[in-house]
Amino acid sequence: MTSSPHRWGTLAIACLAMLLLAVDLTVLHLAAPKLVQDMRPSATQFLWIVDVYGFALAGLLVTMGNVGDRIGRKRLLLVGMAAFGGASALTAYAMTPELLIAARALLGVAGATIMPSTLSMIRNVFTDPKERATAVGIWSSVSALGFALGPVIGGALLDRFWWGSVFLVNVPVAALIVAVGAFVLPESRNPRPGRLDVVSVPLSVAGVIAVIYALKTAAHDGVTAPSVWAAAALGLVSLTVFVRRQTLLAEPLIDVRLFRHRAFSGSVGANVVCIFSMLAASLAFAQYFQLVLGWSPLVSGLAGLPGGLSAAVGGILATPLVGVIGRARVVALGLVMSAAGFVLYSRFGTDTGYAYMVVAMVVTAVGNGFTFAVTSDTILASVPRERAGAASAIAETGQEIGGALGIAVLGSVLNSAYRDNLRLPSEVPTRAAEQIGESLGGALQTAAALPAEVAETVARAARQAFVEGMQTTLVTGAALLAVLAVAVLLALRGVPPVIPEVILDDEGRARDEPVPAG
């Protein structure tokens, strides 16, 4: 059994690693204007700069989770973190779009080694169920805090330095994690891992990347684009063959039987839908703060900080609350709070006071903290410690797909509602009207080239149309979260507040069902 100082030291390093990843995920969009001005990438190159990180990360999560279970989670984390630091330096000093795309791809590969390693190490060192739930709540809180701190740190750096500084700041943090982790982290692995199926790996990579590519392309080009259908077909066929193959293997990459248990599948599903709604809302608010209200990136980041802090508080409070009202009710309460927060968000206008915004942020974020802390712990507790890396990878892959799906679906709702609500004066030329109808950012750029009076009218109309579209999107998200709250009550019904340890027998099979389902 790992000593207490090493357990909490492991948690501290895992949290710092997740904090680094969460911050890194948020800074590119802030750096994009300076990057485009300095590097002048083509439109296609810019899309790859933005998307290649997510493709590499999501496509390799399942494989890397299994690799960690086999070679050791400490080894994988330290190697991945060293690679992450090196790739961050390459990204910061990339001189051409092609080099930047390659460096971002390497960052994604490194990120895929880190994400499942952090959570699976927590699962292995915290053997007491109550301590594990507390540790997962802290880990979830730090992750939420990282997403809130990213825009603040990025905005502060971009006010003083070049765009590469937002990536270069990763290097000393990665070096610190590697240096301290080499001494503090205990090694853990599956003692009976079996062989890594060489056919399943490319099937999972191709399937996940193709599905996410289809979703992202649909958000940019619409669902009728041939590339969307081709990628979706490739992804669905690959994943279907992959799942079928897993049921036939003695040592599968993913134990698909886990999804038969309502607690596991319900928790993964809750995370997917929650991320689905949250990332779409985040995309809308990034534009709302900067293009509707006219705030700078740094001010926008500071404005969102209460949300991140509240999510962190919610993650910490979730564990003691589970002991009072149970897992199902805590997750459902979190989703209801998030839905209520979305309803409050839907009342935002072009002149909404910041105090009202804070109330909506706090309600939504505390609910998110409740949900993700409890579902993450339920997913980890559903599997033996030896397979924690693979289980973590399943959860995180689901979140990546949920985020891409949310931006594609709710982003399309936002764009469609924006166009439907847009009312332009008759003086606007047809060509300009088409550009204005594409997006709020395009509308403001196009309006700047029009006569002053017309420009002011167009800008005001575009901002109002965007706000009304955002309101429609947020009400849609609220409805999804409310439906999910009811589904979670059923899926997690009967799961005890303290889930007993799942033990493998001598043949590597779980002695009991992963989680009591009712």
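The values are calculated or read from the model by the stated rules, or taken from the named source; none is laboratory data. Computed from a predicted structure; not experimentally measured. Methodologically, a virtual Cβ is constructed for each residue, glycine included, from the backbone with ideal geometry; neighbour enumeration extends over all protein chains shown. SASA here: full protein model, heavy atoms, side chains in, ligands and nucleic acids out. Shrake-Rupley method; radii C 1.70, N 1.55, O 1.52, S 1.80 Å.
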Problem set entry | The listed residue being open to solvent by less than 30 Å² (accessible area, probe 1.4 Å) and either without any contact (Cβ under 8 Å) to a residue 40 or more places away in the chain or closer than 30 Å to L489 by Cβ (or both), out of G269, G181 | G269
Problem set entry | Options L253, L248, L234: the member that is of a type in the set (A, V, I, L, M, F, W, C) and in a helix (DSSP H, G or I) | L234
Exercise. Which of the residues belonging to the range 225-254 are exposed (fewer than 14 other Cβ atoms within 10 Å of the Cβ) and at pLDDT 80 or above?
Worked result: P226, S227, A233, T240, R244, T247, L248
Problem set entry | Qualifying residue in the range 436-447 (condition: assigned to a helix (DSSP H, G or I), without any contact (Cβ under 8 Å) to a residue 40 or more places away in the chain and surrounded by fewer than 16 Cβ atoms within 10 Å (Cβ to Cβ)) | yes
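This table checks each residue for (1) out of contact with any strand residue (DSSP E or B) (no Cβ under 8 Å at 6 or more places or on another chain); (2) at pLDDT 90 or above.
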site: V362; (1), (2): yes, yes
site: G367; (1), (2): yes, yes
site: S376; (1), (2): yes, no
site: I379; (1), (2): yes, no
site: P384; (1), (2): no, no
site: A388; (1), (2): yes, no
site: A391; (1), (2): yes, no
site: I394; (1), (2): yes, no
site: T397; (1), (2): yes, no
For this session: Output the number of the condition that L474 fails; it satisfies all remaining conditions of (1) touching a residue at least 60 places away in the same chain (Cβ under 8 Å); (2) surrounded by fewer than 22 Cβ atoms within 10 Å (Cβ to Cβ).
Result: (2)
For this session: Give the range 89-140 a look and list any residue that's hydroxyl-bearing (S, T, Y) and in contact with a Ser or Thr (Cβ under 9 Å, 6 or more places away or on another chain), or say none.
Result: S117, T118, S120, T127, T134, S140
Problem set entry | the range 207-233: number of residues that are under 19 Å from L253 (Cβ atoms), out of contact with any Leu (no Cβ under 6 Å at 6 or more places or on another chain) and free of Cβ contacts under 8 Å to residues at least 40 places away in the same chain | 0
Exercise. Which of (1) in contact (Cβ under 8 Å) with a residue 60 or more places away in the chain; (2) over 29 Å from A381 (Cα atoms); (3) of a type outside the set (K, R); (4) surrounded by fewer than 19 Cβ atoms within 10 Å (Cβ to Cβ) is the odd one out, the single condition W295 does not satisfy?
Worked result: (1)
Seminar exercise, completed: Per the filter on the range 282-292, residues open to solvent by 10 Å² or more (accessible area, probe 1.4 Å) and either outside any helix (DSSP H, G or I) or of a type in the set (A, V, I, L, M) (or both) are L283, A286, L291, V292
For this session: Pull up the range 330-385, narrow it to residues that are without any contact (Cβ under 8 Å) to a residue 24 or more places away in the chain and in a helix (DSSP H, G or I), then point me to the one that is farthest from T473 (Cα to Cα).
Result: A355
